[in-house]
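For reference, the structure is listed below as structure tokens.
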Amino acid sequence: MASSRGARAVSLRGAGEAALPRPLALGRLLGPRARGRLTPYVFLAPGYLVFATFMLYPLAKALQISFYHWQLMPGRVSQFVGLANYAAVLHDPISWVALRNTVLYAIGTVPTQIVLGLVVAILLDSIVRLRVFFRTLYYLPVITSWVVVSILFKYVFSSDAGLANYVLHDVLHILPGYIGWLQNVPTALFAIGLLGVWKGVGWSMLIFLAALQSIPKEMREAAAVDGAGTIRSYTGVIIPLMAPVMLFVLVLLVIGSFNVFISVYLMTGGAPLHQTEVLLSYMYHQAFDYLDFGYGAALSYLLAAVIFGLSLLQVRFLRREVEY
Amino acid sequence: MTGAQGRKAAIYGALIGGAVLAALPLVFMIATALKANVYIIETPPQFFPTHPTLQNFVDAWSLNSFGVFFTNSLAVAISTTILSVLLSAMMAYAFARFAFAGKTLLFYSLLLTLMIPGLMLVIPQFLLAKTLGLLDSRQGLVFVYIASSLSLNTYLLRAFFEQLPRELEQAVQVDGGGHLVIFTRIVLPLSTPALATVGIFTFLYAWDEFPWAVTAINTDANKTLPMAIALFQSAHQTQWGLVFAASLIAIVPVIVVFITFQRYFVRGLTAGALKI
């Protein structure tokens, strides 16, 4: 189950297959060998062409743009500025604020989603009746559009008659008065993070639940016979078995948290004074409000480098623990 | 009450508590949408409006060419789904059944784009769409949505195709059938569950996509629902009932699709995870 299987899943398993030449219309002109060699490319071409045009080319283009003072006006010549855009990003205090907020978002939402997702999955795994019903309910926030839930949370956390203010002030009397959740940086970040957790728990729950249910019954029974209590059988036997899945969830959640955009863009728009920006929202504002494409592209590449590095680090460090 | 029963009650209690928290914001949204506008700013906020009305839904549907947005979303999501599933199935077939020069490189180039944030490409995609005359058009949305969904779809379908038994395909080959026959008559029909899985994911992605739509589209005639709802909210700040009625109209198809095809969903989501 462990990493050896992972390596196989990623490697190209079909690589050993010999391509059997068979007549395709085009192939008649060529020898049977050439025909056989062309066939896979015929299957690949249409999709890969779209992919290359709208994904790979933009990926390369973004790198190019990041080295230019990019001019949007037709006829204007963009100047090559070397690493100036990268330097500008690194010297811009707001980009560090955006990085800080993104990291806070990751730290605040990823472990919470993993722990809550795991707890709910374990609870669901231990019941039979209504399991699908509960699973569906917990999963509803995941499938609800980001735009809709962002607007919904904006309403819940609105400054005057919002639900959050009402519950915390009028019902529970925790707050002395109404607060402007989205107008203050810490509370705005909290609301954005809470949305992330609320919307995300169902996803990790679903993955963990499927993993739990794929563990052979004999193993759990063996744990029970050994006299391990429920909690000990989870911590001692079942959770270690799930380590590869947890690594998968961790990596995907971290990548996801660095992708946070819509909630910030719609709930605060980075306000006040860009203090609630995350990396992607700041990139977007730089590019499409200030039309500084070079700066935006440089910021994108720095973000991609961070995500890439983080993913490699997690896989490398945690793989070692997972090995058994 | 025995210990086992007590434990069971505690488990169900915890699950119900969690489910209430999960559903609460959505219930609040429904309640707000059912209120006539005048009640919405009132405190205390009511979860069960005393005078529920469907007026907001009627207004939302008839206002601001909402029908156009709905149709646009549907057209874009359906075109994206059909084309993306077809193209990625073809690519997956090539990766699953052939050895060819550049295979590893091509496959890893697909995986690479799964690691990077899709939004980092928004600047060059904008410039590209401008050059190709695809800005402010639904075709421009469809091309980018297909390209963005191809990697994951190809990855999932390739894994599925590789698990298919080869005997039937060999029989077709013995009978002189080519790869086109194998692909259309054997691989695709046998893969209906996997195709349904990636199809559903692609549909929901295209239905919900926001950042590219808001970047590329300008005119009302080409707007999709998520975009329309976001702009609707900023234009009608205080008319939350209307905004949420529009939102609910947009998310109902998603919930119906999800509940109907739940098993494909679960299978697709966990296919990647359980392989690691």
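Values in this text are rule-based calculations from the coordinates and carry no lab data. None of these values were measured; they are calculated from a predicted model. As a convention, Cβ positions derive from the backbone with ideal geometry for all residues, glycine included, and neighbour counts pool all protein chains shown.
Observations on the structure shown:
- Per-residue Cβ neighbour rank within 10 angstrom, fewest leading, A:ASP92, A:ASP292: A:ASP92, A:ASP292
- Taking every residue in A:90-103 and counting other chain Cβ atoms within 10 Å of its Cβ, the average works out to 0.
- Per residue, the average separation of C-alpha pairs within less than 8 Å and at least 6 apart gives chain B a relative contact order of 30 percent.
- As a rough footprinting exposure proxy, the listed residues B:MET115, A:MET55 were ranked by other beta carbons within 10 Å of their own, and the order from fewest upward is B:MET115, A:MET55.
- Label-point separation in nm, B:ILE255 to A:LEU175, each point 7 Å along Cα→Cβ: 2.7 nm
- Helix-only CD estimate at 222 nm, as mean residue ellipticity for chain B, using -39500 (n - 2.57) per DSSP H run (n ≥ 4): -24000 deg cm²/dmol
- Basic side chains Lys and Arg get +1 at the Cβ, acidic Asp and Glu get -1 at the Cβ, and with that the dipole of the protein assembly as shown about its Cα centre reaches some 1780 debye.
- For the protein assembly as shown: rounded, prolate or oblate by the Cα gyration tensor [a/c cutoff 1.5]: oblate
- Among A:LEU123, A:TYR166, A:ALA98 - extreme Cα towards positive end, dipole of the protein assembly as shown, charges at beta-carbon: A:LEU123
- Anisotropy class of region A:131-179 from Cα gyration tensor, a/c 1.5 cut: oblate
- Exposure proxy shown here: for A:LYS154, B:LYS223, A:LYS217, B:LYS130, the number of other Cβ atoms within 10 Å sets the order, fewest to most, as A:LYS217, B:LYS130, A:LYS154, B:LYS223.
- Unit charges at the beta carbon, dipole of chain B: most positive-side option, B:ALA31, B:LEU157, B:ALA171: B:ALA171
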